[in-house]
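Q: Let me give you the structure first, and then I'll get to my questions.
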Amino acid sequence: MQYQLNLSGLHHQQLREHLFPADGMEAVAVALCGRYRHGNLTKLLVSELVCIPIEQCERGADYVRWSTNFLLPLLEKAQRRGMAILKIHSHPGGYDQFSETDDQSDGDLFPSVFGWVDGDEPHASAVMLPDGRVFGRVFLPDNSCHPFDKVLVAGDQIQLWTDEPVADIAREAGQRTAQAFGEQSYELLRRLKIGVVGCSGTGSPVIEQLARLQVGHLVLVDPDFIEKKNLNRILHSTYQDSLAKRPKVDVLGDGVLAMQLGTHVTRIQANLYDDPDVLLELAGCDVLIGCMDSVDGRFLLNRLATFYLVPYIDLGVKLQADGKAGIEHISGAVHYLQPGKSSLMTRGMFDEKDVRSASEYRKNPETFAERVKHDYFRDVPVNRPAVVSVNMMTASAAICELLNRLHPFRKGHLSEYAHQVLEMTEGYWANTDEEHFSADQYLARKIGRGTLRPLLEMVELDSSVVC
């Protein structure tokens, strides 16, 4: 079993400010965590954070003592909701291991936690260092412990700490990547698991670039087959593929494997709404990239990323016809979304009625047009024009933004690049700061909730899925 801890950027920043009050002494916080378990991966997801007031602690340079009365409200919630308890404290001196004092403290605490909270699922202890790095371990009911294999922060910057080994495959192919973005960033790319939803217009050049960057593992999701109309924009596709109606995920997956650059591929030929296992597989990724036209698909992926604390990059291309067999307007857009801040909905990309309309079209396309006439739903545009050069430009902007979030290279603060518009007709590139958008207050209450019943609190998804 592998273990991972995920935090939002908001909680990570709150911890840094509380755990290091500039007096050189330790401090402590506790968190309520959602759970994720799928295959051989278990994640704890920080959902609610309680900072223990430093004036109510006995503190030193290498210890902190605090009243566990602060835990009681969280223990009651953990018991009621099936969630986990995380204790996290600081090592202001930078000691990057658990100390004997930590071992004794955890050995006293976690048997009591298991006494409060039913079940045999793990709880955890973690340490934050002055540079913001976090490491930790999970505890099981028999008081055995296992280190976190990964700790990920889904914030303005995507931060990942892991000691997982990297296979030394085709390292020469990554020399230029390491030269441009640093050896550490190259190693980070080799350790990432990235889910790409949509393997057509923008999806195929996104996948191509991720594979050339030697991302460790790609999860490709798309329900469709190659058609002749796709051949102008899907990389690796051929006329024979369209005749054979080969799945897009197979065409792209085979193309990635043929590169022999060490990238593993998981192929899922399904719609996001078809099978809860598809969503759980994506929830196990470190980054999600959405390359979809559908409103309900983008809405669902944004929601998934919030519940499971995964950074999400959304791509969109707009080609507006002039009514005279030509194009009046061409633009591409890239959104970087992080848990607890704005969403595609609060950014004005769509509203609840758009989501309902898209959902109805997906379920009943044959009756949808008639219901639109009676104003039950809004019209849903389909079969939009798509051009490979436009798609590639937008896909490249998205991958550059991913690299910027892993290894900041642009001027200004990362938050300034929350939304980027490539106005190809007008000839300019515009950025919008995260502060310009309103936080999604509903989703902010759902960060780190993990696997619930029903999944993502959506009745239309399989309600039998449990953590």
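The values are calculated or read from the model by the stated rules, or taken from the named source; none is laboratory data. Quantities reported herein were computed from a predicted structural model and do not represent experimental measurements. Counting neighbours? That spans all protein chains shown, and the Cβs are built from the backbone with ideal geometry, glycine included. To get the accessible areas, we keep the full protein, side chains included, count just its heavy atoms, and leave off ligands, DNA and RNA. Shrake-Rupley method; radii C 1.70, N 1.55, O 1.52, S 1.80 Å.
Q: Name the residues in region 279-302 that are in a helix (DSSP H, G or I) and either within 20 Å of ALA398 (Cβ to Cβ) or open to solvent by 20 Å² or more (accessible area, probe 1.4 Å) (or both), would you?
A: Step one: list which residues in region 279-302 are in a helix (DSSP H, G or I), which gives 279-283, 295-302.
Those that are in a helix (DSSP H, G or I) and either within 20 Å of ALA398 (Cβ to Cβ) or open to solvent by 20 Å² or more (accessible area, probe 1.4 Å) (or both): GLU281, LEU282, VAL295, GLY297, ARG298, PHE299, LEU300, LEU301, ASN302.
Q: Of all residues being among the acidic types (Asp, Glu) and free of Cβ contacts under 8 Å to residues at least 12 places away in the same chain in region 24-66, which is farthest from TYR442 (Cα to Cα)? Just the residue, please. Steps first, please.
A: Going residue by residue through region 24-66, those that are among the acidic types (Asp, Glu) are 26, 48, 55, 58, 62.
Remaining after also requiring free of Cβ contacts under 8 Å to residues at least 12 places away in the same chain: 55, 58.
Working: GLU55: 33, GLU58: 37 Å.
For region 24-66, the residue satisfying everything is GLU58.
Q: For region 21-97, give me every one of the strands (runs of 3 or more DSSP E) that falls completely inside it and has 2 or more residues that are crowded, with 21+ Cβ neighbours inside 10 Å and at pLDDT 95 or above. Working first, answer last.
A: On the way: elements: 28-38, 41-51, 58-60, 63-65, 84-90.
Per the criteria, 28-38, 41-51, 84-90.
Q: Turning to a different aspect of this structure: Considering each residue of region 409-421, count those that are within 22 Å of the chain's Cα centre (by Cα) and not in a strand (DSSP E or B), and give that number.
A: So the count comes out to 8.
Q: Please specify each residue of region 274-310 satisfying the condition of being aromatic (Phe, Trp, Tyr) and closer than 18 Å to GLY155 by Cβ.
A: Let us first name the residues in region 274-310 that are aromatic (Phe, Trp, Tyr), namely 299, 307-308.
Selection gives PHE307, TYR308.
Q: Does region 422-459 hold any residues that are assigned to a loop (DSSP other than H, G, I, E, B), closer than 28 Å to VAL317 by Cβ and not aliphatic (A, V, I, L, M), and which are they? Don't jump to the end; show me each part of the working.
A: Residues of region 422-459 that are assigned to a loop (DSSP other than H, G, I, E, B), as a first pass: 424-427, 433, 437-440, 445-449, 451-454, 458-459.
Applying the additional criterion that residues be closer than 28 Å to VAL317 by Cβ yields 424-427, 433, 437-440, 458.
Of everything in region 422-459, those that are assigned to a loop (DSSP other than H, G, I, E, B), closer than 28 Å to VAL317 by Cβ and not aliphatic (A, V, I, L, M) turn out to be THR425, GLU426, GLY427, ASP433, PHE437, SER438, ASP440.
Q: Just to be sure I understand the filter: pairs with C-beta atoms under 7 Å, separated by 6 or more residues or on different chains, first member in region 341-365 and under 26 Å from SER47 (Cα atoms), second member among the hydroxyl-bearing types (Ser, Thr, Tyr) and open to solvent by 50 Å² or more (accessible area, probe 1.4 Å). Which pairs pass?
A: SER342/SER438; THR346/SER438
Q: Something else now. Residues in region 218-237: is at least one over 22 Å from VAL388 (Cβ atoms) and within 20 Å of the chain's Cα centre (by Cα)? Write out each step before concluding.
A: Narrowing region 218-237 to residues over 22 Å from VAL388 (Cβ atoms): 219.
Now restrict to residues that are within 20 Å of the chain's Cα centre (by Cα): 219.
Yes: region 218-237 contains one or more residues that are over 22 Å from VAL388 (Cβ atoms) and within 20 Å of the chain's Cα centre (by Cα).
Q: Which condition breaks for LEU10 when tested against (1) over 29 Å from the mean Cα position of the chain (by Cα); (2) surrounded by 14 or more Cβ atoms within 10 Å (Cβ to Cβ)?
A: Failing condition for LEU10: (1).
Q: Does ARG378 count as part of a helix (DSSP H, G or I), within 25 Å of GLY201 (Cβ to Cβ) and modelled with pLDDT under 95? If you could, list the steps in order and put the result at the bottom.
A: Numbers: part of a helix (DSSP H, G or I): no; within 25 Å of GLY201 (Cβ to Cβ): yes; modelled with pLDDT under 95: yes.
In short, no.
Q: Confirm whether SER415 is touching a strand residue (DSSP E or B) at 6+ places or on another chain (Cβ under 7 Å) and modelled with pLDDT of 90 or more.
A: Details: touching a strand residue (DSSP E or B) at 6+ places or on another chain (Cβ under 7 Å): no; modelled with pLDDT of 90 or more: yes.
Here the answer is no, as SER415 does not meet what is asked.
Q: Another question about this same structure. Counting only residues that are surrounded by fewer than 17 Cβ atoms within 10 Å (Cβ to Cβ) and in a helix (DSSP H, G or I), how many does region 234-278 have?
A: Of the residues in that region, 9 qualify.
A quick yes/no check of all residues on (1) aliphatic (A, V, I, L, M); (2) farther than 13 Å from THR306 by Cβ:
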position: ASN404; (1), (2): no, yes
position: GLN420; (1), (2): no, yes
position: MET424; (1), (2): yes, yes
position: THR432; (1), (2): no, yes
position: GLU435; (1), (2): no, yes
position: GLN441; (1), (2): no, no
position: GLY450; (1), (2): no, no
position: GLU457; (1), (2): no, no
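Q: Please verify whether region 65-82 includes one or more residues that are within 25 Å of LEU140 (Cβ to Cβ), in contact with a Cys (Cβ under 6 Å, 6 or more places away or on another chain) and of a type in the set (A, V, I, L, M).
A: No, because not a single residue in region 65-82 is within 25 Å of LEU140 (Cβ to Cβ), in contact with a Cys (Cβ under 6 Å, 6 or more places away or on another chain) and of a type in the set (A, V, I, L, M).
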